[in-house]
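S.K.: Once you've had a glance at the structure underneath, I'll fire off some questions.
The values are calculated or read from the model by the stated rules, or taken from the named source; none is laboratory data. It should be emphasised that the depicted structure is a prediction, and the values quoted were computed from it without experimental measurement. Ideal geometry is used to build each Cβ from the backbone, glycine not excepted, and the neighbour counts take in all protein chains shown. The area values use the complete protein model at the heavy-atom level, side chains included, leaving out ligands, DNA and RNA. Shrake-Rupley method; radii C 1.70, N 1.55, O 1.52, S 1.80 Å.
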Amino acid sequence: MFCRSFCFFSLCLFLPTERRASLAHLPDVRSSAATSLPGFENLTMGYNKYLRPYFGGEPVRIAMSLDIASISSISESDMDYTATIYLRQRWTDPRLVFHGNKSFTLDARLVELLWVPDTYIVESKRSFLHDVTVGNRLIRLFSNGTILYALRITTTVACNMDLSKYPMDTQTCRLQLESWGYDENDVMFTWLRGNDSVHGIEKLRLSQYTVERYYTLVSKSQQETGSYPRLILQFELRRNVLYFILETYVPSTLLVMLSWVSFWITLDSVPARTCIGVTTVLSMTTLMIGSRSSLSKTNCFIKAIDVYLGICFSFIFGALVEYAVAHYSSSQKCAAKTPQEGSANELTKEMEEVSITDILNSSIASYKRKISFTSIEISSDNVNCSDLTMKTHEKIKFVLRNKMHRIISYFTIQNPSNVDHYSKLLFPLLFMLVNVFYWAYYLYF
């Protein structure tokens, strides 16, 4: 009662004498209509909160400004962000004009007695008004009929993200304000001071992002029921890649370098080289699973970090395969040497056992074969030429067999120790070359 009486008395000080006299004849403030503002019966007489200002005439111009208090979370898996904002709306209602140059801050509960815009947040998943200790709303009335309506809102808004360059990506998110029921013939949305209508966003400190820039836009939403005014705040968020470099890129690179240590261990040290290869493969697999588990709902994307981990895994697995090839070639070469050495020893023994009589006998036998060959008379009628030539399929088999032997001999490793020698140079050089292309593509393209 005291507040109502005070508001009534304050308003009377700024009203003309005729309107004061009319107020003096009112029996009691509490007997006024329920749709009038307590203490402002003379000001709101005939006021209808269900009709917009300038009803049936020009559209109402609503100027807005924003304060971004915080952006508490940005979720890549859900593709949204949660922000707390202070939304301020200003419009002029000629039905609430009074004399003077002062303004009155009214109780927020009186907003139920006034016409207010039906502004909503586009693509909002969840939103609520703060109500501790009372509803965080503000109503301020100016003498020229301007109304300031401020709200404190926490909202979760969808933000479509392109994670193909994650974690070296830059995301563009929007906060869009639109009229729900009034089209552009009834209301017109504008920013109060352009880009200066938004405050606080440049001071935000986010865990993984840095606000690159932001700007405001004025647009329209074409719906089936009409064209509705829309205001857009668009801001770009650049991810801080240093955290991911220390957590993922450096460990994976060190694992690749650790796999190269096996090139300096001899081929005979099977347990040592096998242990290094298997350990690095398992460690790399664990690192890959850990990096993907944090973004479990975005596994449909082939991200930049997945490409790098795949490259590192390929090099680690290649080092393990290199040892398998080198060890197999070495064992095959040793197996081939053993029969050759045995046959050479047997040959030397046989040569030692050969006597002079054996040599003479072999000479006499060869001489007899020569004499018998010269005594043979060859008749052309008895010679079958088909027996002296090879058949076609035999020729093809012979040619293919020679080709296969040449190809196999070309890829056969003559000296298995050279495999490690070449790997010491090729693996690091190839890994450095791939890194140059990788970082150049994802940072500059």
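S.K.: Using the Cα centre of the range 87-137 as the reference point, and only Cβ charges (+1 on K/R, -1 on D/E), how large is the resulting charge dipole? Debye, rounded to the nearest 20. Kindly include the intermediate steps, with their values, before the conclusion.
M.R.: Working: 8 positive and 6 negative charges, 31 e Å.
It comes to approximately 140 debye.
S.K.: A further question follows. On a 1.4 Å probe surface of the protein chains, which of S70, S294 comes out largest in accessible area, and what is the full order? Provide the component values of the computation, followed by the final result.
M.R.: On the way: S70 45, S294 75 Å².
So, going from the largest accessible area down, we get S294, S70.
S.K.: Quick one: what Rg and Dmax do you get for the range 198-265 from the alpha carbons, in Å?
M.R.: Both quantities, over Cα of the range 198-265: 23.1, 76 Å.
S.K.: Lys/Arg Cβ at +1, Asp/Glu Cβ at -1, dipole of the range 118-264 taken about the Cα centre: which of P229, V250, Y166 is farthest positive-ward?
M.R.: Of the listed residues, the answer is V250.
S.K.: In the full protein assembly as shown, how much of Y86 is accessible to a 1.4 Å probe, in Å² to the nearest 10?
M.R.: Around 80 Å² of this residue is reachable by solvent.
S.K.: Name the residues of the range 147-163 whose amide N is less than 12 Å from a point 7 angstrom out from the Cα of S75 along the C-beta direction?
M.R.: Of the residues in the range 147-163, 156-159 have backbone N under 12 Å from the label point off S75.
S.K.: For the range 255-306, what is the accessible area per residue in Å² when the probe is 1.4 Å?
M.R.: 53
S.K.: Just subtract the alpha-carbon distance of T170 and A158 from 0.36 nm times their residue separation and send over the number in nm, one decimal.
M.R.: That works out to 2.7 nm of additional length.
S.K.: So how much slack lies between V436 and L400, counting 0.36 nm per residue of separation and subtracting their Cα-Cα distance, in nm?
M.R.: 8.6 nm
S.K.: Just to confirm a number: summing +1 for Lys and Arg and -1 for Asp and Glu over residues other than V198 whose beta-carbon lies under 14 angstrom from that of V198, what do you get?
M.R.: +1
S.K.: Calculate, axis by axis, the spread of Cα positions in the range 72-127 along the three principal axes, and write the results as whole Å, longest axis first.
M.R.: 55, 19, 19
S.K.: Still on this model: Measuring from label point to label point, each 7 Å out along Cα→Cβ, what is the F317 to S219 span in nm?
M.R.: 4.3
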